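The values are calculated or read from the model by the stated rules, or taken from the named source; none is laboratory data. Just so we're clear, the structure is a prediction, and the values are computed from it rather than from any experiment. Every residue, glycine among them, receives a Cβ derived from its backbone with ideal geometry; neighbour counts consider all protein chains shown. The protein model used for the area step is the full one, side chains on, heavy atoms only, and it has no ligands, DNA or RNA in it. Shrake-Rupley method; radii C 1.70, N 1.55, O 1.52, S 1.80 Å.
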Amino acid sequence: MYSLFRVLLTVITVAVFYLQANAQTNTFEVRIANHAVGTIEANRKTNGPAKSIIIKTRIQMMLAKVNSDIINEYSNNILSTSKSSRISGKSGEDKNTTTVRNGKEYTIIVNGEKSVINNAEIEECVADLYFAEPKQVTRVFSETLGRFLPLKSIGGGMYELLLPEGKKNVFKYENGTLVLVEVNHSFGKAIFVKVS
């Protein structure tokens, strides 16, 4: 009986360490004008060829509140589904985007409007930028916008993501880890700083 208990305890311990090794959470503080206004929690889990990423953003300013969630599921490192929602409570600013892979194409629905990307395999999304430096990557798929965005290295571990309206977000990495993001948003410039 005692040896069975030891075996069971060993199996549970190994399983816990295995699950921890295949899960990663990065937390960022959102700052505007040097004031903390929210958090971003980015969580990635891998299980063999499958991967999931969940990013929760919670921002609260004086008269504005923004909650954003991104949920990505990958199979063999290819995006299979993505759901993105941004709720601000302001008319016209809320956004819901769903991306689903069907064979060699993706069906994308942004606030009820459908589009299709043919002959594509989405390997890199904006959410992936929170977990690994995008060396050799020249474009990423925006889960929120439902389209590819150009990404370029600007040196020193920094990468510039070009948004459709001409604004640029800058991702800064140290030793392959994302430590800071500068975002040019509708409510002004924001900084995301890694805190854990």
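Of note:
- Annotation: of all residues in the range 125-147 being aliphatic (A, V, I, L, M) and open to solvent by less than 50 Å² (accessible area, probe 1.4 Å), the one that is nearest to the chain's Cα centre (by Cα) is 127.
- Subset of the range 148-174 [assigned to a strand (DSSP E or B) and either of a type in the set (D, E, K, R) or touching a residue at least 40 places away in the same chain (Cβ under 8 Å) (or both)]: 152, 160, 168, 171, 172, 173, 174
- Residue ID - most open to solvent (accessible area, probe 1.4 Å), chosen from residues in the range 76-103 that are among the basic types (Lys, Arg) and within 15 Å of residue 141 (Cβ to Cβ): 83
- For residue 109: the one exception among (1) over 26 Å from residue 32 (Cβ atoms); (2) exposed (fewer than 13 other Cβ atoms within 10 Å of the Cβ): (2)
- Qualifying residue in the range 62-75 (condition: of a type in the set (S, T, N, Q) and open to solvent by 80 Å² or more (accessible area, probe 1.4 Å)): no
- Unique match (being closer than 21 Å to residue 196 by Cα, basic (Lys, Arg) and touching a Gly at 6+ places or on another chain (Cβ under 8 Å)) among 44, 58, 31: 58
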